[in-house]
Amino acid sequence: MVITRSGLVLGATAVTLTTIAVTGLGIHSQGQALFKESPKELIDEVWQVINRQYVDGTFNKLDWPAVRREYLNKSYSDKQQAYKSIREMLKKLGDPYTRFMDPEEFKNLQVDTSGELTGIGIQIGLDEKTKKLTVIAPIEDTPAAKAGILAKDVITKINGKSTEGMDTNQAVSLIRGTAGTAVNLTILRNAQEKQFNITRAKIEIHPVEYSQKQTPAGNLGYIRLKQFSANAGKEMQQAITNLENKQVAGYVLDLRNNPGGLLFSSVEIARMWISNGTIVSTKGRLTNGRFAEEQREVANARALTNKPLVVLVDKGSASASEILSGALQDNKRAVIVGSQTFGKGLVQSVRPLDDGSGMAVTIAKYYTPNNRDINKHGIDPDVKVELTTAQREQLWLKQRDKIATLQDPQFAKAVEVIGKEIAQKGNSRAEKN
């Protein structure tokens, strides 16, 4: 597998409730005409994609050719019947993240290269353990974040409709809508239900914010990375370059509540911090009980700085955030501070189908440089600083001006840790002299 700049996303559970997209993949009008004549063509197209690409070569211990025969032997009078059969067929894989999207649902998953999104600004998925519809993370400064939605919130109702047994596509269909209209979410948090009435909006997201901070550890560069979008690498490069020109002594990279994004973006940004070593390996189809390594991404000796680095993570740090923090941790390039991350270690390919619908297919798992599989577990910080739900609500919802100050417990610990790192590096330099 070649990791490209489009079509591959991390955290296969994630669906962003905004307008996203897949580029570099064509939809063929000829196929649309063919579909009108035979819905079975689409069913077979989906079967073939799974047969070639799905990460589990045992297909959840199914006789996959027999599944094909079963669904092609049925009669279909319209495309809705075909869509229903496709969903049934994919459900047999036992993977809620390999999913089918009808044309309208697929439009909701289109890459918008301008960076302008329409929605409420959350990423959702089915929790792998509970199968409940769960918030992976709200995107900062979006309607969902401002309303008070938090990572790991369980969505129990959408506009009063229960989400029990609902897949992410169905949830997206209910939550999405025109800018200016509202959606009501019932959230379960710490065994208590809360109601959130959220107005949809057009959202322009700049993934990187940065500043200098005068701290007890000295003049530090603070960089907050909100998500791994197509332009995150460019903005990160600008942030590091500008802070280097200001002679900062070290960096705090904040990945808290970063739900992830594009695989290439995480690799691109890791190379700005790591001069040598592996960043991530992806391992595809399971054959004879073993994953074959398909791709290993390495540093390219072009790091922009070698100054001390501390990375902040929490339960809202998922997928691409975990690739970056795992690479920095395993290469001993940074100290990870905060709480255990979300635990998304899957890679999806999102592709269109011939009738304008689409599908997301789990094609690989990713592993950290030390060959750690973090799926369902996450990254364990080097220095654990847990916040209670009350503390998280206070910091992220009520007192956002305290984020990345000494009144932010995780940031305060990061400053303490990086102070020691800076002092140790200074002592090492003095000894060499």
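Listing for the model above:
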quantity	calculated
Residue check, Y222 in contact with a Leu (Cβ under 6 Å, 6 or more places away or on another chain) and either in the same structural domain as G338 (by TED's automatic domain parsing) or at pLDDT 95 or above (or both)	no
Which listed residue, of L126, L93, is touching an Asp or Glu at 6+ places or on another chain (Cβ under 9 Å), of a type outside the set (K, R), touching a residue at least 40 places away in the same chain (Cβ under 8 Å) and in the same structural domain as Q48 (by TED's automatic domain parsing)	L93
Given (1) out of contact with any strand residue (DSSP E or B) (no Cβ under 6 Å at 6 or more places or on another chain); (2) closer than 21 Å to L174 by Cα; (3) in the same structural domain as L174 (by TED's automatic domain parsing), index of the condition P138 fails	(1)
Among residues of region 353-402, those that are part of a loop (DSSP other than H, G, I, E, B) and under 30 Å from R52 (Cα atoms), counted	16
First in region 155-182 and modelled with pLDDT under 90, second anywhere and in a helix (DSSP H, G or I), Cβ under 7 Å, 6 or more apart	N169/E105; V172/E105; S173/E105
Odd one out for Q195 among (1) in a loop (DSSP other than H, G, I, E, B); (2) surrounded by fewer than 17 Cβ atoms within 10 Å (Cβ to Cβ)	(1)
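The values are calculated or read from the model by the stated rules, or taken from the named source; none is laboratory data. Computed from a predicted structure; not experimentally measured. Don't worry about glycine lacking a Cβ; one is built from the backbone with ideal geometry, like all the others, and counts go over all protein chains shown.
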